[in-house]
1. Would you mind checking the tilt of helix 374-388 against the longest principal axis of the Cα atoms of the chain, expressed as 0 to 90 degrees and rounded to 10?
2. Work out, step by step, the length gained on full extension between residue 157 and residue 131: first 0.36 nm times the residue separation, then minus their alpha carbon distance; give nm to one decimal.
3. What is the gain in length, in nm to one decimal, between residue 101 and residue 291 on full extension, counting 0.36 nm per residue of separation less the C-alpha to C-alpha distance?
4. Give me the angle, in degrees from 0 to 90, between the Cα long axis of helix 298-318 and the longest principal axis of the Cα atoms of the chain, rounded to the nearest 10.
5. At a threshold of 8 angstrom on Cα-Cα distance, excluding pairs fewer than six apart, so keeping six or more, what relative contact order does the chain reach in percent?
6. Rank these for me by crowding, 57, 146, going from fewest to most other beta carbons within 10 Å.
7. How would 358, 256, 197 line up from fewest to most surrounding beta-carbon atoms within 10 angstrom?
8. Taking R0 as 30 Å, what FRET efficiency do you get between residue 253 and residue 40 from their Cβ-Cβ distance, rounded to the nearest 0.05?
Ligand SMILES: Cc1ncc(COP(=O)(O)O)c(C=O)c1O
């Protein structure tokens, strides 16, 4: 068993925090895995960021460095990592490109991924293996215990395991600690895409020791679109960045001396930061969202969403709809199989009734967060019943 039931979580749930969000009462947003609604605090921070941009005479040189470092500290705090190990990039695709640029893969080796993984975490491995006469090994799930299937697929020829913490269409939570042990035992590198989990499901860098941990800011992390947080293990902090930017050089803080070109980078993972990462709007939004998550804490967010996931699973069972076994369900979302007679445009029909989920690969992906309550889960299933005449 790799997940925890709500009864086993000994932290106090927070209760529904809808008031903190811009979410009209009649909108049933069970779609965090697509994008979170916006915290009022994040909107206010965005407005302040626009004001900063509109008044460049108020900008100081420190503004180009301090907010980014503040974000590094918060992300490190939330993941039990060190702040020096955090780099800021625009997207998961960008983060995967950094990893692919730096981790060597030799002819005959394999890169392990899981079935129907998000494309940003597939395409770089297809290119890397093509260029090096290596192969992508896709784990198919023959049993209900997907973690076991992944562990069994890792062998002495594995160079990289690049996988999600939570699967983006089914909501399955993998036992990343056990997988990491096997990865280390064969001397491979582990890359974890926590985009569909970090913020709701805890991740402990000191325990898992991933080579790269990657998470977009705009889903469970409740932040801006266009920013991705990446933890880089110390072994890769001397690697080659994708861009040869100036803002991450050792001499960058003295704008008067930038043409004293400097080959050294700022310490830690900062060398991988993307150009113009000191965007006052995005960074202000990120700071506000991280502050709120730190205040709520991830374990308490998880304790609040788990009961909603259990309710979704129980309503799916009552309607005879497929879902991953409850013990493998994440607290972030659950994919439920739609009945054959469900109309193709079921997502659209639900949206017309103010209910939002995503349909991915025949699964209705239901992703509650801290702003949802159990009446909304009932509203979804009652409406699904009307539209599909199931259960
Ligand atoms: C698992 C996962 N990874 C990454 C992303 C986003 O990737 P990118 O930042 O490259 O657009 C998504 C978006 O839905 C996702 O579900």
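1. 60 degrees
2. Contour length minus Cα-Cα distance gives 7.7 nm.
3. 65.2 nm
4. Approximately 30 degrees, to the nearest ten.
5. Once divided by the residue count of the chain, the mean separation gives 26 percent.
6. 57, 146
7. So the residues, fewest neighbours to most, are 256, 358, 197.
8. Given R0 = 30 Å and the Cβ-Cβ separation, E is 0.35.
Values quoted throughout were computed directly from the atomic coordinates according to the rules given, and no laboratory measurement underlies them. This structure is a prediction, so every number in the text was calculated from the model and none was measured. Please note: Cβ atoms are built from the backbone with ideal geometry, for glycine as well, and neighbour counts cover all protein chains shown.
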